[in-house]
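Novice: After the structure tokens below, expect a handful of questions from me.
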Amino acid sequence: MAPVCHVGKVIPEGCKNPLTPEEITEDVINCYKAGACEVHLHTRDLKGEQTFELDVFRDTIHRIHEQSDMIIQGSTGGLSTLTLAERCVCLDVPEVEVASLNMGSVNFGETVYINTLPDIRYWAQRLKETDTIPEMELFDLSMVETCSRLADEGVLERPLHYNFCVGPGNSSNLAATGRNLCFLTQLCEPGTSWGITHDAMQDFSMLACAIGMGANAVRVGFEDSFYYAPGKRAQTNAELVERLVELIRAMGCEPATPDEARAMQGIKIKK
């Protein structure tokens, strides 16, 4: 399994949200010690706003790698006014080994999170140019077919790596039910790997369902939710990872090491 920790959401009173490179690094290393092998980071400034400036991002990654061998996952997403090139600026950082790639548009609150096919092809080409593995973010059933069609075009390389985004929180993605997860996994191509993100989750029930169904990755973090059980809120990202690792082990599995997770995703050493 590959637990992933996240930062960057409005934080309730009592919870600690890291913003500076020093704070983020401390939080990430605590997650690493708790059992996380990969961390998803957006390029943000010191106020937590998305940016195409890389100074803070590079500094943070350098600090993380001084203390761990964690996989760094960047993002080509994020609801913002950034251009296509600016949204994938993290790919200019060689230490980024994986990056999220949204596979279509979805309603988000009262607006639309737009990811057109030409946009996806652009980001996929940048991923190829930088030898970065795409983690494909899927918000509904049709996006599984989109992945296969783009692979047939040669835009994406097989084997594919899916991340099923269920919720919904602010976005109108599929409801978080075992039935929907079954539909999604039944559409997966043979030989693919998959994971799950449960937006606005109130407990770990869907993560447990995914683990039981053979997921390769399960993700927790303040970007998705502060809760690990009904009415029980974590104070840090690391606490969420600790409780997720307890769940993984209770189900007879072990969290993957960074190198094991690299093998799962076909990550190669960059030139």
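Novice: Thr177: accessible area at probe 1.4 Å, nearest 10 Å²?
Specialist: For Thr177, solvent-accessible area is about 50 Å².
Novice: Shape verdict for region 83-200, please, from the Cα gyration tensor: rounded (a/c under 1.5), prolate (a/b greater than b/c) or oblate. Before the final figure, lay out the partial values.
Specialist: Details: a/c = 1.75, a/b = 1.27, b/c = 1.38.
Cα axes put region 83-200 in the oblate bin.
Novice: Cα extents of region 83-126 along the three principal axes, largest first, in whole Å?
Specialist: 36, 20, 17
Novice: Please build a GNM for the chain, connecting alpha carbons under 10 Å apart, and tell me which residue among Val98, Val39, Val56 fluctuates the most.
Specialist: Highest fluctuation among the options: Val56.
Novice: Right, something else. Ignoring ligands, DNA and RNA, please state the percent of accessible area on the chain from carbon and sulfur, probe 1.4 Å. Mind showing how you got there, number by number?
Specialist: Values: 6180 of 11950 Å².
Carbon with sulfur: 52 percent of the solvent-accessible area.
Novice: Most mobile of Thr60, Thr146, Thr132 per a Gaussian network model of the chain (Cα springs, under 10 Å)?
Specialist: Of the options given, Thr146 has the highest mean-square fluctuation.
Novice: So, one more: Residue-wise, which Karplus ³J(HN,Hα) couplings in Hz belong to region 79-88, taking 6.51 cos²θ - 1.76 cosθ + 1.60, θ = phi - 60°, and x for glycine or proline?
Specialist: Computed from phi, the couplings for region 79-88 are 6, 7, 9, 5, 6, 4, 5, 5, 5, 10 Hz.
Novice: Give me the distance in nm between label points sitting 7 Å out from Cα along the Cα-to-Cβ direction at Asp92 and Glu110, one decimal.
Specialist: According to this spin-label approximation, the distance is 3.5 nm.
Novice: Scan around Ala99 for amide H atoms under 5 Å from its own, H built in the peptide plane at 1.01 Å from N, and keep only partners 5 or more places away or cross-chain.
Specialist: When sequence neighbours closer than 5 places are left aside, the close amide H contacts are Gly74, Ile133, Glu135.
Novice: Relative contact order, percent, of the chain when contacts are C-alpha pairs under 8 Å separated by at least 6 residues? Write down the numbers at each step before the final one.
Specialist: Working: 529 pairs, mean separation 63.2, N = 271.
Relative contact order of the chain: 23 percent.
Novice: For the chain, just list the percent of Cα-Cα distances falling in each 5 Å bin from zero outward, please.
Specialist: 1, 6, 14, 18, 21, 19, 13, 6, 1, 0
Novice: Using every pair of alpha-carbon atoms in region 142-199, split the distances into 10 Å bins beginning at 0 and state the percent of pairs per bin, rounded to integers.
Specialist: Distribution as computed: 23, 51, 24, 2 percent.
Novice: For region 37-142, what number results from the quotient of the Cα radius of gyration and 2.2 N^0.38 Å? Numbers along the way, then the final one.
Specialist: Values: Rg = 13.8 Å, N = 106, 2.2 N^0.38 = 12.9 Å.
Compactness ratio reported: 1.06.
Novice: Restricting to bridges with both residues inside region 66-148, how much of the DSSP beta-bridge set is antiparallel, in percent to the nearest 5?
Specialist: Numbers: 3 of 12 bridges.
Bridges in region 66-148 are about 25 percent antiparallel.
Novice: Something else now. Before I look further, what does the chain give for accessible area per residue, probe 1.4 Å, in whole square angstrom?
Specialist: On a per-residue basis, 44 Å².
Novice: Along the Cα-to-Cβ line of Thr257, 7 Å from the Cα, sits a label point; which residues in region 15-47 have backbone N less than 18 Å from it?
Specialist: Answer for this model: 32-39.
Novice: While we're on this one: With a 10 Å cut-off between alpha carbons and a GNM built on the chain, which of Val155, Val220, Val96 moves the most?
Specialist: Judging by the Gaussian network model, the answer is Val155.
Novice: Still on this structure, I have one more. As a test of understanding, state the convex hull volume per residue of region 156-269 from its alpha carbons, in Å³.
Specialist: Values: hull volume 14.2 nm³, N = 114.
Looking at region 156-269, the number lands at 124 Å³ per residue.
The values are calculated or read from the model by the stated rules, or taken from the named source; none is laboratory data. Remember, predicted model here, so these are calculated numbers, not experimental data. Positions of Cβ are generated from backbone atoms using ideal geometry, with glycine treated the same way; all protein chains shown enter the neighbour counts. Accessible surface is based on the protein model in full, side chains and every heavy atom, while ligands, DNA and RNA are left aside. Shrake-Rupley method; radii C 1.70, N 1.55, O 1.52, S 1.80 Å.
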